[in-house]
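Scroll down for the structure; my scribbles are underneath it.
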Amino acid sequence: MIPDTKNIVEVKNVSFSYIPGNPVLKDIDLYIHQGDYLGIVGPNGGGKSTLIKLILGLIRPQLGSIAMFCKNVAYVGQKATDFDQKFPATVQDVVSMGRYSERGLFKGLSKEDKQLVSNAIEQVDMSDFKNRLIGELSGGQQQKTFIARALAQQPEIIFLDEPTSGVDQTSQVQFYKILKKLNQDLGITLVLISHDVDVITKEVTKIAAINRDLVFYGPSENFIKEEHGIKFIAHHTNA
Amino acid sequence: MLNLFQYDFVVRGLIAGLIIAIVAPTIGVFLVLKRYSLIADTLSHVSLAGIAAGLLLGINPLLTAIGATAVSSILIDKLRLSRKFYGESALALFLSGSLALAVVLIGISHGFNTSLLNYLFGSIATVTNSDIYTVSILGVIVLVILTIIYKELFFITFDEDSAKVSGIKVNAINTVFIILAAITISLAIPIVGILLISALLVIPTVASLQFKKSLFPTILIAQVISVLSVFSGIILSFYFNLAPGGSIVLISLLILVISHVILQK
């Protein structure tokens with residue numbers, strides 16, 4: 001068991017409903033610690049994406065509080081591979097976006113920014129494709145580009161929502177390898193949503209299983225061992 | 001053959017046309033990529049209400065049009081964010097509402113007249129010297145502000161959620177952009193007319209996107225297509241006594257079709 005480090009995200013008693021009286025999330029308590037590689041699993045409609053959006057401040061909870069104790073947060077959304085495939089942006093353009101908020105209005109990217117961008121592209125092994133339009137790439141390559149954009153941001157934590165949907169098997173393996181490297185070598189905290197419980201439990205170190213309530217939270221090996229986890233997998237892998 | 005440059009109104013039309021031809025597709029690229037094309041149409045109808053009010057009150061209609069579209073653009077953006085209306089229905093409300101207001105105002109000021117028709121379909125003859133100043137100054141302001149927010153707008157247009165999470169002031173940038181779009185639409189009225197403005201914003205963009213370049217070259221190509229269309233449209237309309245707005249739009253459509261055929265090969 002990995003000892004818990006400092007909290008970087010605290011979710012306390014959070015409830016949220018899109019339609020009043022029909023909560024998507026109920027009384028969620030969840031702490032994310034620095035260096036965690038947390039997998040959020042659960043059935044479709046169980047509230048996984050909603051929880052991430054709440055943590056990121058894209059939507060506000062009706063009850064409870066959410067605190068984030070880190071400055072630099074990156075997000076690779078569910079729609080990352082579902083964007084306008086004709087969008088006029090190259091890999092280099094997309095990854096450069098990761099530096100924009102740091103620069104501020106009207107300022108172009110500095111030498112260091114450009115170096116960070118090309119390092120990030122290199123880290124996901126996309127240097128050969130940096131001048132290609134993003135829409136001309138395969139799903140796996142697009143996803144790597146979005147990871148590179150997150151990396152260029154030099155984040156403390158990256159949230160990924162179903163990052164491997166629409167990505168072929170070989171690319172998935174490569175993709176998880178990159179994530180592991182980011183977590184172990186660079187110490188970036190990762191929060192990964194997936195409905196693919198089988199795969200994700202092998203990759204992450206901690207699991208939060210969500211189906212409106214927080215059904216399980218702890219080290220992933222416990223999740224696999226526990227009868228609870230097995231039941232959860234049995235119930236929801238085909239959801 | 002007549003020398004068109006000896007006519008002041010043609011020169012004025014060409015100057016105003018050049019500025020609009022550069023500004024309109026620059027805004028248009030972002031509108032199209034944000035899937036806001038319908039906003040251009042809506043705001044052009046709002047501008048008609050603004051013009052009708054200006055004509056009625058004896059104020060420069062270009063200014064009242066800018067005022068009306070700028071205020072409406074902010075309201076439309078607020079409605080869009082509040083999600084109180086289903087999808088694009090907020091736009092439909094503004095479109096029909098402002099058109100209704102325009103019709104009523106036109107009725108009060110004793111019906112349609114030539115100047116109103118000019119605003120509907122565009123006529124370079126109506127471009128005054130003061131219009132040139134307004135168009136030049138505001139056109140430059142729009143381009144400068146767009147340059148300032150360019151990279152943020154690029155990110156937001158591509159991926160709004162990630163931009164927000166990374167710390168970009170998404171709502172503020174979107175509001176500034178929609179006001180810039182409102183100003184641009186009002187500025188284009190004297191040349192292409194209310195009913196054809198969205199074409200000047202959209203067609204060069206759609207044509208340019210076919211070249212499959214990254215954003216900045218896409219904008220430049222759209223500007224070139226737009227300048228070509230506006231210039232040749234004005235010149236043809238002068239020699240063959242055609243409606244300039246219609247000619248400009250038809251030429252830009254022709255360029256779109258030709259580039260499509262060539263690039264498909």
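The values are calculated or read from the model by the stated rules, or taken from the named source; none is laboratory data. Worth saying up front: this structure is predicted, and the values here are computed from it rather than measured. As a convention, Cβ positions derive from the backbone with ideal geometry for all residues, glycine included, and neighbour counts pool all protein chains shown. SASA here: full protein model, heavy atoms, side chains in, ligands and nucleic acids out. Shrake-Rupley method; radii C 1.70, N 1.55, O 1.52, S 1.80 Å.
Quick one: which residue in A:Glu136, A:Glu156, A:Glu112 is at pLDDT 90 or above and away from chain B (no Cβ under 13 Å)? One residue alone meets the criteria, A:Glu112. Within the stretch B:213-223, the set of residues being free of Cβ contacts under 8 Å to residues at least 24 places away in the same chain and either within 19 Å of B:Ile156 (Cα to Cα) or within 9 Å of chain A (Cβ to nearest Cβ) (or both) comprises B:Lys213, B:Ser214, B:Phe216, B:Pro217.
Hey, any hits in the stretch A:40-53 for a residue that's of a type outside the set (Val, Ile, Thr) and within 14 Å of another protein chain (Cβ to nearest Cβ)? Scanning the stretch A:40-53, I find at least one residue that is of a type outside the set (Val, Ile, Thr) and within 14 Å of another protein chain (Cβ to nearest Cβ), so the answer is yes. Scanning the stretch A:60-71 for residues that are at pLDDT below 90 and within 11 Å of another protein chain (Cβ to nearest Cβ) yields a single hit, A:Lys71. Tell me whether the stretch A:27-46 contains one or more residues that are in contact with a Phe, Trp or Tyr (Cβ under 6 Å, 6 or more places away or on another chain) and crowded, with 16+ Cβ neighbours inside 10 Å. Scanning the stretch A:27-46, I find no residue that is in contact with a Phe, Trp or Tyr (Cβ under 6 Å, 6 or more places away or on another chain) and crowded, with 16+ Cβ neighbours inside 10 Å, so the answer is no. Any residue at all in the stretch B:166-177 that's surrounded by fewer than 19 Cβ atoms within 10 Å (Cβ to Cβ) and facing chain A (nearest Cβ under 7 Å)? The answer is yes; a qualifying residue exists. Determine whether B:Phe154 is within 18 Å of A:Ser96 (Cα to Cα) and within 14 Å of chain A (Cβ to nearest Cβ). The answer is yes for B:Phe154.
Taking the criterion of being open to solvent by less than 50 Å² (accessible area, probe 1.4 Å), within 22 Å of A:Pro219 (Cα to Cα) and either of a type in the set (S, T, N, Q) or not in a strand (DSSP E or B) (or both), the only residue of the stretch A:1-26 that qualifies is A:Asn7. When A:Gly57 is tested against the conditions (1) at pLDDT 90 or above; (2) under 17 Å from the mean Cα position of the chain (by Cα); (3) on the phi < 0 side of the Ramachandran plot, the lone failure is (3).
Listed conditions (1) within 14 Å of chain A (Cβ to nearest Cβ); (2) under 30 Å from A:Gln85 (Cβ atoms); (3) open to solvent by 10 Å² or more (accessible area, probe 1.4 Å); (4) part of a helix (DSSP H, G or I) are all met by B:Ala163, apart from (3). Quick one: which residue in B:Leu117, B:Leu138 is surrounded by fewer than 17 Cβ atoms within 10 Å (Cβ to Cβ), more than 14 Å from chain A (Cβ to nearest Cβ) and under 30 Å from B:Gly58 (Cβ atoms)? That would be B:Leu117, the only listed residue that is surrounded by fewer than 17 Cβ atoms within 10 Å (Cβ to Cβ), more than 14 Å from chain A (Cβ to nearest Cβ) and under 30 Å from B:Gly58 (Cβ atoms). When B:Val144 is tested against the conditions (1) among the hydrophobic types (A, V, I, L, M, F, W, C); (2) closer than 22 Å to B:Gly67 by Cα; (3) within 14 Å of chain A (Cβ to nearest Cβ); (4) in contact (Cβ under 8 Å) with a residue 24 or more places away in the chain, the lone failure is (4). Does B:Ile145 satisfy being touching a Leu at 6+ places or on another chain (Cβ under 9 Å) and part of a helix (DSSP H, G or I)? Yes; evaluated as a whole, the condition is true for this residue.
Going through the stretch B:54-64 one residue at a time, which ones are of a type in the set (A, V, I, L, M, F, W, C) and either surrounded by fewer than 19 Cβ atoms within 10 Å (Cβ to Cβ) or closer than 18 Å to B:Gly107 by Cα (or both)? Those that are of a type in the set (A, V, I, L, M, F, W, C) and either surrounded by fewer than 19 Cβ atoms within 10 Å (Cβ to Cβ) or closer than 18 Å to B:Gly107 by Cα (or both): B:Leu55, B:Leu56, B:Leu57, B:Ile59, B:Leu63.
Looking at the stretch B:236-249 only, could you name the residues that are part of a helix (DSSP H, G or I) and buried (at least 17 other Cβ atoms within 10 Å of the Cβ)?
Listed by number, the residues that qualify are B:Ser237, B:Phe238, B:Pro244, B:Gly245, B:Gly246, B:Ser247, B:Ile248, B:Val249.
What about B:Ser198, is it closer than 20 Å to B:Gly122 by Cα, crowded, with 19+ Cβ neighbours inside 10 Å, in contact with a Leu (Cβ under 7 Å, 6 or more places away or on another chain) and modelled with pLDDT under 95? When the stated conditions are applied, B:Ser198 does not pass them. Look at (1) outside any strand (DSSP E or B); (2) open to solvent by less than 50 Å² (accessible area, probe 1.4 Å) and you find that A:Gly166 fails only one, number (2). As a summary of the residue check, B:Ser259 satisfies the conditions (1) of a type in the set (S, T, N, Q); (2) surrounded by fewer than 19 Cβ atoms within 10 Å (Cβ to Cβ); (3) touching a residue at least 60 places away in the same chain (Cβ under 8 Å) except for the one numbered (3).
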